[in-house]
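First the structure, in the form of structure tokens, and then the observations on it.
The values are calculated or read from the model by the stated rules, or taken from the named source; none is laboratory data. The model shown is predicted, which means the values in this text are computed figures rather than measured ones. Virtual Cβ from ideal backbone geometry, glycine too; neighbours counted across all protein chains shown.
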Amino acid sequence: MFAVIKTGGKQYKVQSGDVLRVEKLAADAGEKIQFNDILMLGGDSTVIGTPFVAGAGVQAEVVEQIKGDKVIHFVKRRRKHSSQRTKGHRQKLTLVKVTEILASGADKTGVKAAIGTGPAVATAEAPAAKPAKAKAKAEAPAAAPAAEGADDLKKLSGVGPALEKKLHAAGVTSFAQIAAWTEADVAAMDEQLSFKGRIEREGWIEQAKELAKG
């Protein structure tokens, strides 16, 4: 029997006894955890989730907390005052060993759920059918108001309403937070939100330091 699980924004096909590396989980070595986002179960019969299989789960034991291979990130600005910068990043990972696949009853086991350690953990929902363009435009809800006390992140170069919403969802609401980002923070946000070097390219940290002064 096998299962397809989702964790850390990635999908893994697993069987009992498999050892795999996943995005860092909030658990200690030797601790038992349970993945509850099961996309599919296979074996004698196949069950496909909508999006998840109700009551299914995959239990595993945390082997150790590790780091992935170093990734080199190179940025070069071809302008009048050109500059270039090279930095390395090692993603934090968790090594787990799959111990059991449950086709049902996973919600009653009491085993600790596998939860990531990122700034925000998104919950997946079933995709809604896309309405006709005219109808969508007529019924589109008003933009949600910014969180209380949040800075206007749209003042940063290249940040519009959609990108500001992504930053809020990741827990970033103020210029002070961005101004305090380290190289590791920048690399993590690049990977989480697929910025592809935009933070450095647009100079957000320098802008945020100035904007935070008021």
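Please work out which residue is farthest from the chain's Cα centre (by Cα), limiting yourself to the range 171-183 and to residues that are outside any helix (DSSP H, G or I) and closer than 21 Å to Lys92 by Cβ. The extreme case among them is Ala180. Between Gly57, Gly17, the distinction of being within 14 Å of Val111 (Cβ to Cβ) and touching a Ser or Thr at 6+ places or on another chain (Cβ under 9 Å) belongs to Gly57 only. Counting the residues of the range 184-205 that are assigned to a helix (DSSP H, G or I) and over 16 Å from Val172 (Cα atoms) gives 3. In the range 189-198, the condition of being hydrophobic (A, V, I, L, M, F, W, C), at pLDDT 80 or above and either more than 25 Å from Val22 (Cβ to Cβ) or assigned by TED's automatic domain parsing to the domain that holds Gln34 (or both) is met by no residue. Residues that are closer than 25 Å to Ser82 by Cα, crowded, with 16+ Cβ neighbours inside 10 Å and in contact with a Gly (Cβ under 8 Å, 6 or more places away or on another chain) within the range 158-203 comprise Asp190, Arg198, listed in sequence order.
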